[in-house]
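Notes to accompany the following structure.
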Amino acid sequence: MTILLCALAGFLLDLVLGDPAWMPHPVVFMGNGIAFLEKHFRPEFPQTPRGEFWAGFCLVLSLTLDTLLASCLLLWLAGKVHPYLQWALMILWSWQVLAMKGLWTESIHVFDRLKHGTIEEARTAVSRIVGRDTQSLTEEGVTKAAVETVAENFSDGVIAPMFYLLIGGPPLALCYKAVNTMDSMIGYKNEKYLYFGRAAARLDDAANYLPSRFSALLLIAAAFLGGRNGRQAWRIWRRDRRNHASPNSAQTEAVMAGALEVQLAGPAYYFGEYCDKPTIGDPIRPIEPEDIPRANRLMVLGSVLGLLLLGGLRFLIFHCLF
């Protein structure tokens with residue numbers, strides 16, 4: 001029951017407060033740790049594809065184990081001081097592993113700049129939440145990038161950490177965040193990280209395999225309940241959920257494209273290199289800035305459904321069967 005209550009408290013805190021800028025965040029420490037470990041491990045291995053892979057593997061293993069051990073140790077120490085301190089720390093981490101409000105805030109800022117600012121301001125705003133090059137994006141390109149980010153990060157930033165939180169508590173959820181952060185920093189298929197980041201990318205694929213598919217089903221349910229095109233969401237998910245180099249990213253993007261009746265993805269530039277990605281969805285109508293808040297509403301509704309289903313499943317398994 002403790003983990004379930006902490007997950008509920010964390011969800012509500014994220015929904016209301018998001019990630020206050022003044023509050024230290026575990027992902028910042030993880031990012032600093034990744035940068036430190038990269039500088040430490042890379043020179044210790046041969047500068048060959050095999051050597052680069054094993055250097056990256058050591059980074060992944062080190063950061064994941066360090067995150068697990070440090071979080072368990074801090075919870076144990078907090079419990080020694082006072083049980084309420086341990087509860088507070090669990091609630092804090094349950095709050096910080098979720099990114100629903102932050103995703104909403106950043107994407108709505110893009111929407112605001114599209115409606116009331118300049119295209120340059122919109123490009124700058126969307127560059128904060130996407131990995132692609134944004135300096136030449138049109139209004140349509142900026143909108144697509146924001147909607148795709150909401151769809152993909154619904155899984156990575158909300159449902160997946162909630163999934164691991166309700167399985168193994170905050171330490172396991174923090175381990176997931178460490179894996180996801182490593183993938184976002186070094187899991188690129190470019191010259192610098194093709195081999196060094198491969199272990200991080202593969203572990204992230206494995207960690208997101210089940211959550212991404214569960215997230216897609218939640219979004220389909222949200223489309224039906226939220227007045228969007230649920231039938232089209234189901235159809236496009238069945239057809240286009242593999243239209244991405246990642247085995248997971250297109251799962252929720254396909255649902256979002258179908259629910260909104262727009263076409264997402266397609267060619268893009270990353271670090272100056274052209275990437276000929278397939279499209280996702282059918283262009284039943286042109287995408288428009290208003291699709292960003294529509295995507296956010298589906299994301300929030302899907303998040304609530306996810307909490308109810310995952311929380312209910314945990315309650316049944318741990319408190320009724322045992």
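The values are calculated or read from the model by the stated rules, or taken from the named source; none is laboratory data. No experiment lies behind these values; they were computed from the predicted model shown. Neighbour counts are summed over all protein chains in view; Cβ atoms, including those assigned to glycine, are modelled from backbone coordinates with ideal geometry.
Key figures
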{"quantity": "Single condition SER71 does not satisfy, out of (1) more than 29 Å from LEU305 (Cα to Cα); (2) surrounded by 15 or more Cβ atoms within 10 Å (Cβ to Cβ); (3) among the hydroxyl-bearing types (Ser, Thr, Tyr)", "calculated": "(1)"}
{"quantity": "Residue in the stretch 246-256 that is nearest to PHE214 (Cα to Cα), counting only those that are small (Gly, Ala, Ser) and touching a residue at least 40 places away in the same chain (Cβ under 8 Å)", "calculated": "SER249"}
{"quantity": "Selected residue (criterion: surrounded by the fewest Cβ atoms within 10 Å (Cβ to Cβ)) from residues of the stretch 247-260 that are touching a Ser or Thr at 6+ places or on another chain (Cβ under 7 Å) and assigned to a helix (DSSP H, G or I)", "calculated": "GLN251"}
{"quantity": "The stretch 230-246 - residue that is modelled with pLDDT under 95 and of a type in the set (S, T, N, Q) and, of those, surrounded by the most Cβ atoms within 10 Å (Cβ to Cβ)", "calculated": "ASN243"}
{"quantity": "Selection count where residues are farther than 30 Å from MET1 by Cβ, buried (at least 23 other Cβ atoms within 10 Å of the Cβ) and hydroxyl-bearing (Ser, Thr, Tyr), scope the stretch 154-200", "calculated": "0"}
{"quantity": "Verdict on VAL150 being at pLDDT below 95 and either in contact with a Pro (Cβ under 6 Å, 6 or more places away or on another chain) or not hydroxyl-bearing (Ser, Thr, Tyr) (or both)", "calculated": "no"}
{"quantity": "Contacts under 8 angstrom Cβ, first residue in the stretch 62-81 being under 16 Å from TYR164 (Cα atoms), partner in a helix (DSSP H, G or I) and of a type in the set (Phe, Trp, Tyr), 6 or more apart", "calculated": "SER71/TRP93"}
{"quantity": "Filter result for the condition that a residue is out of contact with any helix residue (DSSP H, G or I) (no Cβ under 6 Å at 6 or more places or on another chain), among the basic types (Lys, Arg), part of a helix (DSSP H, G or I) and without any contact (Cβ under 8 Å) to a residue 24 or more places away in the chain, over LYS115, LYS39", "calculated": "LYS39"}
{"quantity": "Residue list for the stretch 60-115, restricted to those being among the aliphatic types (A, V, I, L, M) and closer than 17 Å to ASN180 by Cα", "calculated": "VAL60, LEU61, LEU63, LEU65, LEU68, VAL97, LEU98, ALA99, MET100, LEU103"}
{"quantity": "Only one of LEU307, LEU301 that is in contact with a Gly (Cβ under 6 Å, 6 or more places away or on another chain), touching a residue at least 40 places away in the same chain (Cβ under 8 Å) and either over 13 Å from GLU148 (Cα atoms) or acidic (Asp, Glu) (or both)", "calculated": "LEU301"}
{"quantity": "Some residue of the stretch 205-218 being modelled with pLDDT under 95, of a type in the set (Ser, Thr, Tyr) and either crowded, with 24+ Cβ neighbours inside 10 Å or in contact with a helix residue (DSSP H, G or I) (Cβ under 6 Å, 6 or more places away or on another chain) (or both)", "calculated": "no"}
{"quantity": "Selection count where residues are in a strand (DSSP E or B) and surrounded by 19 or more Cβ atoms within 10 Å (Cβ to Cβ), scope the stretch 261-308", "calculated": "4"}
{"quantity": "Test: residue in the stretch 222-241 that is hydrophobic (A, V, I, L, M, F, W, C) and not in a helix (DSSP H, G or I)", "calculated": "no"}
{"quantity": "Leading residue by the ranking (farthest from LEU194 (Cα to Cα)) among those in the stretch 45-65 that are out of contact with any helix residue (DSSP H, G or I) (no Cβ under 7 Å at 6 or more places or on another chain) and part of a helix (DSSP H, G or I)", "calculated": "LEU65"}
{"quantity": "Every residue from the stretch 1-18 that is surrounded by 17 or more Cβ atoms within 10 Å (Cβ to Cβ) and not in a helix (DSSP H, G or I)", "calculated": "GLY18"}
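Here's the yes/no breakdown for (1) touching a helix residue (DSSP H, G or I) at 6+ places or on another chain (Cβ under 8 Å); (2) among the acidic types (Asp, Glu); (3) part of a helix (DSSP H, G or I); (4) within 28 Å of ILE220 (Cα to Cα):
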{"position": "ALA78", "(1), (2), (3), (4)": "yes, no, yes, no"}
{"position": "LEU103", "(1), (2), (3), (4)": "yes, no, yes, yes"}
{"position": "VAL130", "(1), (2), (3), (4)": "yes, no, no, yes"}
{"position": "ALA145", "(1), (2), (3), (4)": "yes, no, yes, yes"}
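Every residue, every condition in (1) within 30 Å of TRP76 (Cα to Cα); (2) part of a helix (DSSP H, G or I); (3) free of Cβ contacts under 8 Å to residues at least 60 places away in the same chain, yes or no:
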| position | (1), (2), (3) |
| --- | --- |
| THR124 | no, yes, yes |
| GLU140 | no, yes, no |
| LYS192 | no, no, yes |
| ALA199 | no, yes, no |
